[in-house]
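One structure below.
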Amino acid sequence: MTVYSVILSAGIGKRMKSSTPKVLHEVLGKPIVAYAVDALANCGKVLQTIVVISKRSGLIRQYLEERPEDKPANKPEDKLEGKPANRNLIFAYQEEPLGTADALRAGVEVLPERDFDCVVVMAGDTPLVKSSTLSELIERHAFLKSDLTLTTFIASNPNSYGRIKRGPESAVQCIIEDGDASAEEKKIFEVNSGLYVFGKKALALLREIGKNEKKGEYYLTDIVSLCNAKGLNVNTHVAPNEYEFMGINTRYDMLVAQKALQREIALKWMEEGVTMMDVESIIIHPGVSIGKDTVIYPNVQLEGNTRIGEGCKIYSNVRIVDTELEDRVIINDSTVIDKSKILSGSTIGPFARVRPGSEIGPKARIGNFVEIKNSTIGFNTKASHLTYIGDAILGRDINIGAGTITCNYDGKDKHKTVIKDGVFIGSGSQLVAPVTINGNAFVGAGSTITADVPEKALAISRTKQRNISGWVKPKENETKENETIKNKTGE
Ligand code: UD1
Ligand code: CA
């Protein structure tokens, strides 16, 4: 069976009140239109997808052609496994936003061949449709030898959707758009999802759709009565739940879709053996994976292509972006980790920040108010308090005292700090890069290190302490007070 699909996403999206095209708004970090693209690509039945966009929305094309999550820089090769097979998109342009029928016409014009069985038509603003639903719909269309199959659902709030008008033996007669519906018709709860399968005969009737005088647009929904008039075989597929087909027209719709997806993702990971202390406040992007026996506390955000191992604990107010956590890693409260790798058994936070390009562990300890940037921290190395480590390579079994700073930036260039195995850096030290502290060396607290330190040496660069006795003079009012006390007590 040869199946193509068309995603309609050339509309203005007025109701979003945004300068960004509606379908580029993100639900859980992924633009709305990308959900439709992926669902069609993953359903296993669609040969190629045509995306209809407006001339003004070049950004949509740009995004779909250069999806950041596909870039190997953020994504080691093995993560490409889940990449949908079909990203071979064709773009079509709708000159003016003259309605959904006009948009589909623009899409059909660029179909690469005329010899196909059917075309799946989907709105670019319905992000929750599953690929399994799409493949079932295509199968149903073929099984019923249908000319047009539309997916409908029973909406708890049907406002803004086209209503499905059924006649004798509940055959679908036509779709009435919200704006055209009478008070009686508005009470119909069965609505059009905007997801259809068109056979060739139904597609041929597209050009017969006339302009809706009220809105000045060509409504794709008029295809139903046209097909009926020609005696074509029209069928519906009534979806078992409503949120899968919800369309996003407003910011509120976006929130509803996000909450539904958030819940679905959380439930999926719970089924895989992950403990969630909350569902409402834990945000997990669709590209994230989590190992079993990991526990996630409230207010956690796991974003992008993050991979979490088994038996990890992620406490509250943590945000992890495009990062890999191996097994048994603990992320304490209020910590941010971006584009890094945390090796097994390490502990990070509370109140830590790990910036891109860092690799920490195994069994390392990064404590409170520590910032790590573009650095490697080896086995069992500890930086427990108030430290900045940037552009550094640290070996194993190192202790970094509180308040240590790598001075990696000279105002112009960044330089490297190398700290070899077993080194001890005393508190409050500055390591002025480029500099190397060799194995098992010891840096005295409060030192400013500007030259390499040899193996096992003690480096100390602070001035010798002097104590000047009696240096502090009593304050004037202190003297007076003492006098008063003396007088009162008769001393
Ligand atoms: C549409 C349906 C409605 C259905 C609802 C489901 C029509 C006339 N109405 O209404 O029956 O219940 O979807 O969510 O089809 N688009 C274009 N070019 C245009 C106009 C729209 O490409 O000129 C695209 C939009 O970008 C959008 C999709 O088509 O992705 C649907 O358009 P939208 O304006 O959101 O239609 P609804 O009013 O939601
Ligand atoms: Ca819509």
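The values are calculated or read from the model by the stated rules, or taken from the named source; none is laboratory data. Computed from a prediction, not measured in an experiment: that's the story for all the values here. Using ideal geometry, Cβ is built from the backbone for each residue, glycine included, and neighbour counts are taken over all protein chains shown. The area values use the complete protein model at the heavy-atom level, side chains included, leaving out ligands, DNA and RNA. Shrake-Rupley method; radii C 1.70, N 1.55, O 1.52, S 1.80 Å.
Some notes on this structure:
- Restricting the first member to the stretch 239-262 and to residues that are closer than 18 Å to L24 by Cβ, and the second to residues that are within 16 Å of ligand 2 (Cβ to nearest atom) and of a type in the set (D, E), the beta-carbon pairs closer than 6 Å and six or more apart or on different chains are G247/D125; I248/D125.
- Test for K14: is it surrounded by fewer than 24 Cβ atoms within 10 Å (Cβ to Cβ) and at pLDDT below 95: yes
- Qualifying positions in the stretch 22-53 - over 17 Å from V121 (Cβ atoms) and not charged (D, E, K, R): L24, H25, V27, L28, G29, P31, A34, N42, G44
- For the criterion of being open to solvent by less than 80 Å² (accessible area, probe 1.4 Å) and modelled with pLDDT under 95, T479 passes.
- Counting residues in the stretch 239-252 that are open to solvent by 70 Å² or more (accessible area, probe 1.4 Å), under 34 Å from the mean Cα position of the chain (by Cα) and modelled with pLDDT of 95 or more gives one or more.
- Within the stretch 85-170, strands (runs of 3 or more DSSP E) holding 3 or more residues that are touching a strand residue (DSSP E or B) at 6+ places or on another chain (Cβ under 6 Å) and closer than 17 Å to G199 by Cβ: 118-123, 148-154
- Screening T221 with (1) hydroxyl-bearing (S, T, Y); (2) farther than 25 Å from G167 by Cα; (3) surrounded by 14 or more Cβ atoms within 10 Å (Cβ to Cβ) gives one miss only, at (2).
- Residue within the stretch 67-74 that is part of a loop (DSSP other than H, G, I, E, B) and at pLDDT 95 or above present: no
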